[in-house]
Amino acid sequence: MKEQQVEVNGIKLQVREYEHEGETIFFLHYGSGNLMMWQGVVPYFQDAYRMVLIDLRGHGKSDSPQDGYHIDQMAADVAGVMEHLGLTRAHVVGSSLGAEVGLSLAANYPDKVVSLVCEGALYSEYGPYGIRNTSEGTFREEVARKLAKIRETPETVYATAEELVTATRQDWEQDGFWNTNLEAVVRYGIHEIATGEYTHSWRKWARERYLTHYYTYRFEEYYRRVACPVLMLPAEDEMENEEMRKAMEGFSQLARSCKIVLVPGAVHAGGWMLFPQRMSEAVLDFLAEV
């Protein structure tokens, strides 16, 4: 395993690499996560593939600039890491935000992406492939209220790192989830601020700027430009939701080659940490076909 910070687009990104002579896979984490989310997945890939794990900007040990949280900018960051590592092409596996970034990478840098796994970016919030059955004006008002609430809510901080871990564990346990993989993600992402208190590395301003862009995304515009094979890995509740399922099926028809696979027990963003073997096997089966 090799760790380094790679300077791209004026910031430094934390990169963890598992070297191998095989093809390369980039793993891109969910929003508020970090590269540690893939630790349970590593054993299933490292003997056959070169693995590159990245802390996206604003996450983990990477820099947290005040801007640059549009998925196109973060895709440019990943493209810069590829160039730094001397890689011309790679497979991409993305979870939630990471799937959105991977989708942008595949659409804007088609020569760089061999295949794409999207566990996220499976529907737009609004539009012909959206999940909001309301007028555009009402949708804009809802978004404005959500963003205002984020701005007005103080950032949560903790006196000690252990208090942060305990509070986060309690939140996950309410949904019935917690294990050593999740704890590793939380501990890795702890950030000490100037007051000596602790918070998560995905800071409030970064989350707000990301969401400001998120509600404007029309992922159909990206899928139309994706040339590589795509695997969609929805969560069980996403497949059960009629609007979400319709959007996925619509996206799958826009891409040149796309399949949808439901992994038993899949949970959005959490499946990789809760069921790493199941999720990994779905990806490996897809890569064997590619």
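For this structure, a couple of remarks:
- Value in Å of the Kirkwood radius, where the stretch 159-290 supplies the Cα pairs that are averaged: 17.5
- Mean Cα-pair separation over length for the chain, i.e. relative contact order, pairs under 8 Å, 6 or more apart, %: 21
- Mean Cα-pair separation over length for the stretch 123-253, i.e. relative contact order, pairs under 8 Å, 6 or more apart, %: 38
- Per-residue ellipticity at 222 nm computed for the chain from its helices equals -12500 deg cm²/dmol, with DSSP H segments shorter than 4 residues left out and the rest contributing -39,500 (n - 2.57).
- Neighbour counts of other Cβ atoms within 10 Å put 36, 239 in the fewest-to-most order 239, 36.
- Taking other C-beta atoms within 10 angstrom as a stand-in for reagent exposure, 231, 56 fall in the order 231, 56, fewest first.
- Correct choice for Cα extents along the principal axes in Å that was computed from the model, options (i) 51, 50, 39; (ii) 57, 40, 40; (iii) 62, 39, 37: (i)
- Dividing the convex hull volume of the alpha carbon atoms of the stretch 78-121 by its residue count gives 55 Å³ per residue.
- Positive-end residue, the stretch 169-225 charge dipole about Cα centroid, Cβ charges, pick of 212, 188, 199: 212
- Spatial offset of the stretch 5-65 relative to the stretch 123-158 amounts to 29 Å, using the alpha carbon center of each.
- Based on Cα atoms of the stretch 123-214, Rg over Rh with Rh as the Kirkwood radius reads 1.07.
- Computing Rg and the Kirkwood Rh from the Cα coordinates of the stretch 1-131 gives a ratio, Rg/Rh, of 0.95.
- If the segment from residue 155 to residue 72 were pulled out straight at 0.36 nm per residue, it would be longer than the present Cα-Cα gap by 27.2 nm.
- Residues of type aspartates and glutamates that residue 204 reaches as a straight line, Cα spacing below 16 Å, ignoring anything fewer than 8 places off in the same chain: 63, 67, 152, 155, 192
- Segment residue 241-residue 277, length gained on full extension (0.36 nm per residue, minus Cα span): 10.4 nm
- Taken as Cα centroids, the stretch 179-241 and the stretch 72-109 sit 15 Å apart, rounded to the nearest whole angstrom.
- Stretch gain in nm, segment residue 193-residue 227, where the contour uses 0.36 nm per residue and the Cα spacing is subtracted: 7.9 nm
- In plain terms, the residue of 205, 272 with the fewest other Cβ atoms within 10 Å comes first and the most crowded comes last, giving 205, 272.
- Cβ-based charge dipole, the chain, positive-most Cα from 35, 138, 51: 138
- A Förster distance of 22 Å, applied to the separation of the beta-carbon atoms of residue 290 and residue 218, puts the FRET efficiency at 0.25.
- Those lysines that a straight Cα-Cα span of less than 25 Å connects to residue 2, excepting residues fewer than 8 apart in one chain: 12, 61, 112
Every read-out reported here was derived from the displayed coordinates using simple, explicitly stated rules and does not represent laboratory data. None of these values were measured; they are calculated from a predicted model. Every residue, glycine as well, gets a Cβ built from its backbone with ideal geometry; the counts of neighbours run over all protein chains shown.
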